[in-house]
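Since every read-out is calculated from the coordinates, none of them should be taken as a lab result. The shown structure was predicted, so the numbers you read here are calculated from the model rather than taken from an experiment. Here Cβ is always computed from backbone atoms with ideal geometry, including for glycine, and neighbour counts include all displayed protein chains.
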C-alpha cells in the first residue's frame, strides 16, 4: 500500500488600490520549488477573499 506525505502552502491575495490580485510569478515560484523537490500539486482551493491554499503530495519513501 502506498503512503503519501502532504504539505500545505497558503498564498494570500494582495489588494492594490481596492482591487484584489494574485501574484502569478509567486505562484510559479512556489510550484517550481515543490516540483524540484519531488512534490506534486494535489489540490488548489480558493479560501474566500483571503488567498489560495495549495496541497502538495509526495510518496513516502521511508516506508
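Please name all residue pairs, on different chains or six or more residues apart, with Cβ atoms under 9 Å, provided the first residue is in the stretch 35-63 and is without any contact (Cβ under 8 Å) to a residue 24 or more places away in the chain and at positive phi and the second residue is surrounded by fewer than 10 Cβ atoms within 10 Å (Cβ to Cβ) and in a loop (DSSP other than H, G, I, E, B).
Between residues of the stretch 35-63 that are without any contact (Cβ under 8 Å) to a residue 24 or more places away in the chain and at positive phi and residues that are surrounded by fewer than 10 Cβ atoms within 10 Å (Cβ to Cβ) and in a loop (DSSP other than H, G, I, E, B), the close pairs are 38/61.
Within the stretch 5-27, how many residues turn out to be closer than 26 Å to residue 40 by Cβ and not in a strand (DSSP E or B)?
Residues flagged as closer than 26 Å to residue 40 by Cβ and not in a strand (DSSP E or B) within the stretch 5-27 amount to 7.
Output the residue which, of all residues in the stretch 1-20 that are in contact (Cβ under 8 Å) with a residue 40 or more places away in the chain and surrounded by 10 or more Cβ atoms within 10 Å (Cβ to Cβ), is nearest to the chain's Cα centre (by Cα). Walk me through it before giving the result.
Step one: filter the stretch 1-20 for residues in contact (Cβ under 8 Å) with a residue 40 or more places away in the chain, giving 2-11.
Next, from what is left, pick out any that are surrounded by 10 or more Cβ atoms within 10 Å (Cβ to Cβ): 4-11.
Details: 4: 16, 5: 14, 6: 11, 7: 8, 8: 6, 9: 5, 10: 6, 11: 7 Å.
Checking each candidate, the answer is 9.
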